[in-house]
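Report on one structure; see the data block that follows.
The values are calculated or read from the model by the stated rules, or taken from the named source; none is laboratory data. Note that the coordinates shown come from a computational prediction; the quantities given were computed from them, not determined experimentally. Here Cβ is always computed from backbone atoms with ideal geometry, including for glycine, and neighbour counts include all displayed protein chains.
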Amino acid sequence: MEEIHAPLSDQAALAESQHCLYCYDAPCIHACPTGIDVPTFIKRIANGDAAGAAKTILTANILGASCSRVCPTEVLCEGACVLSHEYEPIQIGLLQRYATDYVTARGIFVLDAPAEATGFHVAIVGAGPAGLGCAADLASLGHHVVILEKEVEAGGLNTRGVAYYKMKPRVSLDEVRLVESLGVEIRTGVNVGTDLTAADLLSQYDAIFVAIGLGHESELGIPGEVGAGVRSALDFIRDIHEMPLESVSIGKTVLVIGGGNTAIDAVSQAKRLGATFATLAYRRKEDQMSAYAFEVALARATDCRMIFEAKPVEVVRHGNGGLAGVKFIHASSGKEWIEPCDQLLLAIGQPKQDHFLKSLFPSLQLDARGCVVTDPLTGRTSLHKVFAGGDCANGGMEVVNAVGEGKKAAMAIHHMLTGKTAAPKSQNSRCGIAHPAAGAGLWNPIRSATH
């Protein structure tokens, strides 16, 4: 159950940071949805200024610590690294973790103090990554921000829905406290729609940002599904975060149905937690899975089995109602078989919360998927004063995308309220660090055999 990537030591971080070319028009910056100035924070690590590196990161992305652990860096910043064409890319994610962990462990506050109070009040519905990202930027601009969250703890899926071997809940909760330190008020256990109506929000606040995420896990809709032994993969992962590990129910033969990253998390987590056999079944071919290839490879390395083109048609039960397995039909051959299991985890996607959104704001425009229609540059919805971002608007993307959408909405809300345009909260100015002279030979991008 240890994290899959060990943190870098001081020496390893220094050595890794010295390989960065500090590109003038760095593609890694453009590949980051929150616009972190990657070369600058890496250069600061190379100069022995880990706190300065953390400031560069956290000013652009308040959830920089969690993103360093859960972001698909292989296809974002590291995938864009110019060194990846000839050599190995810089380990940006691990360096970002090194810097953010450095200040968290020492209790160092590196962010600038919020601007003078503007007198405007903004409500944010949902304390997940989009809501926290929006809140941090609005608070730094001097607005009074209140986040309304139905769960007992803030953080969204970062707190309770990420595989334990990727990130522990404390990382997310530390980030929640960082957002609160900017003056953001977070009210948990609040059900918007019942405890507070849309009319309440519109009358009490100058702007609203909706960041409610997605709904609970979808169901298969096949015979035998309801009963003992069948549960949501997200609920399973949540138990791992909230309960002592020895108390989490785990079967000997665990079957996970789904083809996304949550399915991969669940099957890998089941195997790491002690399942004798952990199998993932997906209804299409492997190359049609939405899960990232490196996540699939990680599951296989954990000795997880995978079967494809497997369409579930019935959950099979013993005479006493206990779970026996799942009957599948092969999509190409039509062959039927029963895959035995004593625990079934469903990871077939989360539904949109269109019914809730329509009950809250009847005239809010939704698209055919049930997502909130927003201006891609501002997050503005069809309703005056109402903005939206994160999974409820994009349909389900990465943590860093949600933070980026929250940031864009914060800038648009600030402009709507004050008429002023704020500079995006990122550090793309390179902070006065001089670019090395061409041919100076300060960095050798080729790793040594021992590095």
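Below, the figures for the structure above:
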| item | result |
| --- | --- |
| Considering residues of region 347-365 that are among the hydrophobic types (A, V, I, L, M, F, W, C) and closer than 26 Å to GLY161 by Cα only, the residue surrounded by the most Cβ atoms within 10 Å (Cβ to Cβ) | ALA347 |
| Among residues of region 331-343, those that are in a strand (DSSP E or B), under 33 Å from the mean Cα position of the chain (by Cα) and over 24 Å from HIS216 (Cα atoms), counted | 2 |
| Scope region 344-357; condition part of a strand (DSSP E or B) and free of Cβ contacts under 8 Å to residues at least 40 places away in the same chain; matching residues | none |
| 2 or more residues of a type in the set (S, T, N, Q), in contact (Cβ under 8 Å) with a residue 24 or more places away in the chain and not assigned by TED's automatic domain parsing to the domain that holds GLN269: qualifying helices (runs of 4 or more DSSP H) within region 133-218 | 157-160, 169-181 |
| Residue in region 85-95 that is closer than 27 Å to LYS166 by Cβ, touching a residue at least 12 places away in the same chain (Cβ under 8 Å), crowded, with 19+ Cβ neighbours inside 10 Å and of a type in the set (D, E, K, R) present | no |
| Check on VAL313, surrounded by fewer than 24 Cβ atoms within 10 Å (Cβ to Cβ) and outside any helix (DSSP H, G or I) | yes |
| Subset of region 358-392 [within 19 Å of LEU202 (Cβ to Cβ), assigned to a helix (DSSP H, G or I) and under 15 Å from the mean Cα position of the chain (by Cα)] | CYS392 |
| Looking only at region 226-258, and only at residues there that are assigned to a loop (DSSP other than H, G, I, E, B) and touching a residue at least 40 places away in the same chain (Cβ under 8 Å), the one that is nearest to the chain's Cα centre (by Cα) | GLY258 |
| Scope region 5-26; condition in contact (Cβ under 8 Å) with a residue 24 or more places away in the chain, part of a loop (DSSP other than H, G, I, E, B) and out of contact with any helix residue (DSSP H, G or I) (no Cβ under 7 Å at 6 or more places or on another chain); matching residues | HIS19, TYR24 |
